[in-house]
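**Student:** Please find one structure pasted underneath; my questions will follow.
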Amino acid sequence: MTIASYARASDTGKKRRRNEDSYVVAPPLFAVADGMGGAQAGEVASKLAAAALKETHPDGASGPETVIALIQEANRRVYERAASDPATSGMGTTITVALVDGSEVTIGHVGDSRAYVVRGDELEQLTEDHSLVNELLKSGKLSREEAETHPQRSVITRAVGTDPDVDVDAFTVTAGEGDVFLLCSDGLTDMVADADILDVVEKHRDDLDRVTKALVSAANRGGGEDNITVIAFSIAADSDDTVRMDTPVDEDTLERIPLPTVDTMVVPPEEVEEVFVEPGSPEAEAVARPQPISPAARIRLVLTMLALLGVAAVLLVWGLVR
């Protein structure tokens, strides 16, 4: 499996003056961070966390341990900045990460941003919100309908950067061909129901850029009360049979590409009959006299020349590639 396509969209929304969301789109690494804090501290926290992911992700590394280490490094950077700069004291950020390795997608999560997967015609929420409302919902103190309108639904119980260490949820999902993964801040999920998110993905499944933009528009139509960030990426099966001409081709690959062949008849020297023609004889005059070329012969001659030119062109290209 491989990443087939990806897209992202982010918007301030209708009620906020600044966009405190940050994101990472650096395949195979994707992430959304929703900052919190007074003044511009939320924006600082989310940007520090996003930068930590991009700067410290080791090439080729994957799995839950890698994702946890990345988020812990983001936590360290945000916490140290908040501790050393009074203007950013108490700041923090949510973070939801997806790291793709073939058919394995590792999710890392802190806060109430979310990861979803659309598989077939179903939408599944992969992450669990670290929020006060979700805790009340799980304990049975709130109904789902009450949770959707609760005044403290944005209060989170876990964040990156508020403590020296952070508890990270990390797990791996096996992806299938055609799966679409979504990472988003709560500016989307507070405004757009899961069923409506699924409708948008199904409508524009082949154009993820339209998916992300349509989801942001839907959140703004729903009120746009917070910053809105959406990342989408899809999974496709690997194809080993196609050689892309816009990528380097090594010699082993080139040797597997069949070259066109032309049948050539070679006559051994011992089978060539010598014929003597006496000068001035009728046979000599017939040989010397230009002979008309029949239409069939003309066609054969043209085809032979085209074949030879084709062989020469193939050999020239093959020589240049080597």
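The values are calculated or read from the model by the stated rules, or taken from the named source; none is laboratory data. Quantities reported herein were computed from a predicted structural model and do not represent experimental measurements. Using ideal geometry, Cβ is built from the backbone for each residue, glycine included, and neighbour counts are taken over all protein chains shown.
Matching residues to (1) over 17 Å from the mean Cα position of the chain (by Cα); (2) not charged (D, E, K, R):
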site: THR2; (1), (2): no, yes
site: TYR6; (1), (2): no, yes
site: LYS15; (1), (2): yes, no
site: GLU20; (1), (2): yes, no
site: GLU43; (1), (2): yes, no
site: ALA51; (1), (2): yes, yes
site: GLU65; (1), (2): yes, no
site: PRO86; (1), (2): yes, yes
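**Student:** Would the stretch 128-139 turn up any residue that is of a type in the set (S, T, N, Q), surrounded by 16 or more Cβ atoms within 10 Å (Cβ to Cβ) and in contact (Cβ under 8 Å) with a residue 40 or more places away in the chain?
**Tutor:** Taking the stretch 128-139 as the starting set, the residues that turn out to be of a type in the set (S, T, N, Q) are 131, 134, 139.
Cutting the leftovers down to surrounded by 16 or more Cβ atoms within 10 Å (Cβ to Cβ) gives us 131, 134.
Adding the requirement that they be in contact (Cβ under 8 Å) with a residue 40 or more places away in the chain leaves none.
No.
**Student:** ARG114 - would you say it is surrounded by fewer than 21 Cβ atoms within 10 Å (Cβ to Cβ), basic (Lys, Arg) and at pLDDT 95 or above? Show your work before the answer.
**Tutor:** On the way: surrounded by fewer than 21 Cβ atoms within 10 Å (Cβ to Cβ): no; basic (Lys, Arg): yes; at pLDDT 95 or above: yes.
Taking the combined requirement at face value, the residue does not satisfy it.
Condition check ((1) hydrophobic (A, V, I, L, M, F, W, C); (2) part of a helix (DSSP H, G or I); (3) surrounded by fewer than 16 Cβ atoms within 10 Å (Cβ to Cβ); (4) touching a residue at least 60 places away in the same chain (Cβ under 8 Å)) across all residues:
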position	(1), (2), (3), (4)
GLY42	no, yes, no, no
ALA50	yes, yes, no, no
LEU53	yes, yes, no, no
PRO58	no, no, yes, no
VAL67	yes, yes, no, yes
LEU70	yes, yes, no, no
ASN75	no, yes, no, yes
VAL78	yes, yes, no, yes
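**Student:** Now for a separate question. Can you find, within the stretch 80-104, the residue that is farthest from ASP21 (Cα to Cα) among those that are part of a strand (DSSP E or B) and among the aliphatic types (A, V, I, L, M)? Explain how you work it out, then say what you get.
**Tutor:** Our first condition is that a residue be part of a strand (DSSP E or B); within the stretch 80-104, this holds for 92-93, 95-101, 104.
Okay, now just the ones that are also among the aliphatic types (A, V, I, L, M), so 95, 97-100.
Working: ILE95: 10, VAL97: 14, ALA98: 17, LEU99: 19, VAL100: 22 Å.
Selected residue: VAL100.
**Student:** Considering VAL166, VAL155, which residue is of a type in the set (Val, Ile, Thr) and without any contact (Cβ under 8 Å) to a residue 40 or more places away in the chain?
**Tutor:** On the way: VAL166 fails: without any contact (Cβ under 8 Å) to a residue 40 or more places away in the chain.
Result of the check over VAL166, VAL155: VAL155.
**Student:** Still on this model: Which fully enclosed strands (runs of 3 or more DSSP E) of the stretch 105-219 have 2 or more residues being of a type in the set (Lys, Arg) and under 19 Å from the mean Cα position of the chain (by Cα)?
**Tutor:** Values: elements: 114-119, 122-125, 169-174, 180-184.
Fully inside the stretch 105-219 and qualifying: 114-119.
**Student:** While we're looking at this one, here's another question. Look at THR94 and say whether it is in contact (Cβ under 8 Å) with a residue 12 or more places away in the chain, over 15 Å from VAL173 (Cα atoms) and either in contact with a Gly (Cβ under 9 Å, 6 or more places away or on another chain) or not assigned by TED's automatic domain parsing to the domain that holds LYS54 (or both). Spell out how you get there, then give the answer.
**Tutor:** Values: in contact (Cβ under 8 Å) with a residue 12 or more places away in the chain: yes; over 15 Å from VAL173 (Cα atoms): yes; either in contact with a Gly (Cβ under 9 Å, 6 or more places away or on another chain) or not assigned by TED's automatic domain parsing to the domain that holds LYS54 (or both): yes.
Considered against the rule, which asks whether it is in contact (Cβ under 8 Å) with a residue 12 or more places away in the chain, over 15 Å from VAL173 (Cα atoms) and either in contact with a Gly (Cβ under 9 Å, 6 or more places away or on another chain) or not assigned by TED's automatic domain parsing to the domain that holds LYS54 (or both), THR94 comes out as yes.
**Student:** Please verify whether ASP34 is assigned to a loop (DSSP other than H, G, I, E, B), at pLDDT 95 or above, in contact with a strand residue (DSSP E or B) (Cβ under 8 Å, 6 or more places away or on another chain) and on the phi < 0 side of the Ramachandran plot, treating the condition exactly as stated.
**Tutor:** Working: assigned to a loop (DSSP other than H, G, I, E, B): no; at pLDDT 95 or above: yes; in contact with a strand residue (DSSP E or B) (Cβ under 8 Å, 6 or more places away or on another chain): yes; on the phi < 0 side of the Ramachandran plot: yes.
Considered against the rule, which asks whether it is assigned to a loop (DSSP other than H, G, I, E, B), at pLDDT 95 or above, in contact with a strand residue (DSSP E or B) (Cβ under 8 Å, 6 or more places away or on another chain) and on the phi < 0 side of the Ramachandran plot, ASP34 comes out as no.
**Student:** On to the next question. Mind checking which residues of the stretch 162-183 are out of contact with any Pro (no Cβ under 8 Å at 6 or more places or on another chain), hydrophobic (A, V, I, L, M, F, W, C) and closer than 30 Å to MET91 by Cβ? Step through it out loud before you land on a result.
**Tutor:** We begin by selecting, within the stretch 162-183, every residue out of contact with any Pro (no Cβ under 8 Å at 6 or more places or on another chain); these are 162-169, 173-183.
Remaining after also requiring hydrophobic (A, V, I, L, M, F, W, C): 166, 168, 173, 175, 180-183.
VAL166, VAL168, PHE181, LEU182, LEU183 - these are the residues of the stretch 162-183 that are out of contact with any Pro (no Cβ under 8 Å at 6 or more places or on another chain), hydrophobic (A, V, I, L, M, F, W, C) and closer than 30 Å to MET91 by Cβ.
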